[in-house]
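**Student:** The structure follows.
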Amino acid sequence: MPNDTAGIPEQMAAVVTTGTGGYDKLDYTSVPVPMPGQGEVLVRVLAAGVNNTEINTRLGWYSSSVTGATEDTSDTGDRPDGGWNEATPFPFIQGTDCCGKVALVGPGGDQTRIGQRVLVRSCMRTQGFDHMDNIWMGSDFDGAFAQYVKVPENEIFAVACDWTDAELATIPCAYGTAENMVHRARVQQGDRVLIPGASGGVGSALVQLVKRRGAEVVAITSASKKESLAKIGADRVLTREDDLLGILGKESVDVVIDNVGGAGFGTLLKVMRRGGRYATSGAIAGPIVDLDMRDMYLKDITLIGCTAWDAPVFPNLVGYIERGEIRPLLANTYPLARIAEAQRDFQEKRHIGKIVLIPPD
């Protein structure tokens, strides 16, 4: 049995996603509080970030039948292979970002962790870091869109900082995904790094993480967000309407870190230098792209797909936070019950940084 459960309710508020479709699939309801088993902890959720992946999963965007952008994906119809071509575990609780406080530990766990404010590592390498197998909280099992979440004890990280709960909740998915791509692409001082979609959660995290490694940042965003990206460290900011090849020129960029994809993919390879590295973990403008193989192999370009987080990624982020090397970009907060409104706000993409949900006390 776990330690004393006094003060832990039997039921909790949660958003249960019941299937692929529209906002009607988000059911704000009451469900049993999960109890931690051996090697697990129960975390009281203090704040939970909103991400593309939750919307993509609800829409069924990961289905092989979908070929367009997230914003163009229909919210009608059943897509049983909506989770990376495997069955999504509907109904379940989404929520990939969690800042919380340890409420219980399972049998044999470290009792001293109770009361710690922690971040949960969203991407978990179930077979260890020598294997690429991974599962994601809020996609493969119940996540943080609730008052409590049960996770493995070795996936929680205490963070010593003066950030608010909502600010800490901006970090796990966006910054973890960004740091993983920066790490895999071997970004170093002196590199010139191009970041399409630089104003989103991952994109704005990339701007900070690339700059802290001493590289030059060329960001792409909408005209209305140019000044904001310059303020967080972008050396040069272009708009989506700019002639990228005409402005930057051929072979002018060492690294491209791109979560946009879509019609602009081919141009990105043309601006890359010989031996360049292209890293991606998403394709919000569309997963199907035109690839001229000659641009890739004649220039010795490395294409790097990034989903499973490498071992240094999350400890790195905790260190950056504690040393004040990055700062949170919190766009807005909503009560958990207003998740549909928060996701609508998210999809309008007028914000910079992250939108965060706050569960009831």
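**Student:** For the chain, give the share of DSSP beta bridges that are antiparallel, in percent and rounded to the nearest 5; count only bridges with both residues there.
**Tutor:** 55
**Student:** Most exposed first by the Cβ proxy, i.e. fewest other Cβ within 10 Å, how do 173, 161 rank?
**Tutor:** So the residues, fewest neighbours to most, are 161, 173.
**Student:** Could you compute the FRET efficiency for residue 361 and residue 327, with r as their C-beta to C-beta distance and R0 at 25 Å, rounded to 0.05? Show your work: numbers first, answer last.
**Tutor:** Working: r = 27 Å, r/R0 = 1.07.
So the FRET efficiency works out to roughly 0.40.
**Student:** Okay, moving on. How big is the convex hull of the Cα atoms of the stretch 146-280, per residue, in Å³?
**Tutor:** 145
**Student:** Stretched out fully, how many nm does the piece from residue 164 to residue 72 gain, at 0.36 nm a residue minus the Cα gap?
**Tutor:** Stretched fully, the residue 164-residue 72 segment lengthens by 29.7 nm.
**Student:** Something else now. Can you tell me the convex hull volume per residue for the chain, based on C-alpha atoms, in Å³ to the nearest whole number?
**Tutor:** On the way: hull volume 46.5 nm³, N = 361.
Hull volume normalised by residue count: 129 Å³.
**Student:** Sorting check: for 230-240, 148-158, 292-302, which peptide has the highest mean count of neighbouring beta carbons within 10 Å, and how do the rest follow?
**Tutor:** Details: 230-240: 17.3, 148-158: 19.4, 292-302: 12.6.
Most protected by this proxy first, the peptides run 148-158, 230-240, 292-302.
**Student:** Here is a follow-up. For a footprinting-style exposure proxy, rank 281, 199 by other Cβ within 10 Å, fewest first.
**Tutor:** Ranked by crowding around the Cβ, least crowded first: 281, 199.
**Student:** Which order do 321, 195 fall in if you start with the one that has the fewest other Cβ atoms within 10 Å? Before the final figure, lay out each step's value.
**Tutor:** Values: 321 22, 195 29.
Fewest to most other Cβ atoms nearby, the residues stand as 321, 195.
**Student:** Using the Cα atoms as the points, what is the convex hull volume per residue of the stretch 1-52 in Å³?
**Tutor:** It is 128 Å³ per residue.
**Student:** Related question: In nm, to one decimal, how far is the modelled label at residue 348 from the one at residue 267, with both set 7 Å along Cα→Cβ?
**Tutor:** Result for the modelled spin labels: 2.7 nm.
**Student:** Which order do the peptides 100-108, 351-359 come out in when sorted by mean C-beta neighbours inside 10 angstrom, highest first?
**Tutor:** 351-359, 100-108
**Student:** Working from the alpha-carbon coordinates of the stretch 105-205, get Rg over Rh, Rh being the Kirkwood radius.
**Tutor:** When Rh is taken as the Kirkwood radius, the ratio is 1.00.
**Student:** Return the lysines within reach of residue 270: Cα separation strictly under 29 angstrom, same-chain partners fewer than 8 residues apart disregarded; answer none if there are no such residues.
**Tutor:** Counting by Cα, and skipping residues close in sequence, residue 270 has these lysines nearby: 211, 225, 226, 231, 250, 299, 349.
**Student:** Sticking with this one: Got the relative contact order for the chain handy, in percent, Cα pairs under 8 Å and 6 or more residues apart?
**Tutor:** Over the chain, the number comes to 19 percent.
**Student:** Then there's this: Report the Stokes-Einstein translational diffusion coefficient (µm² s⁻¹, integer) for the stretch 212-314, Rh taken as the Kirkwood radius over Cα pairs, at 4 °C with viscosity 1.567 mPa s.
**Tutor:** Rounded to a whole number, D works out at 88 µm²/s.
Every read-out reported here was derived from the displayed coordinates using simple, explicitly stated rules and does not represent laboratory data. Being a predicted model, the structure only gives us computed values, none of them experimental. Every residue, glycine among them, receives a Cβ derived from its backbone with ideal geometry; neighbour counts consider all protein chains shown.
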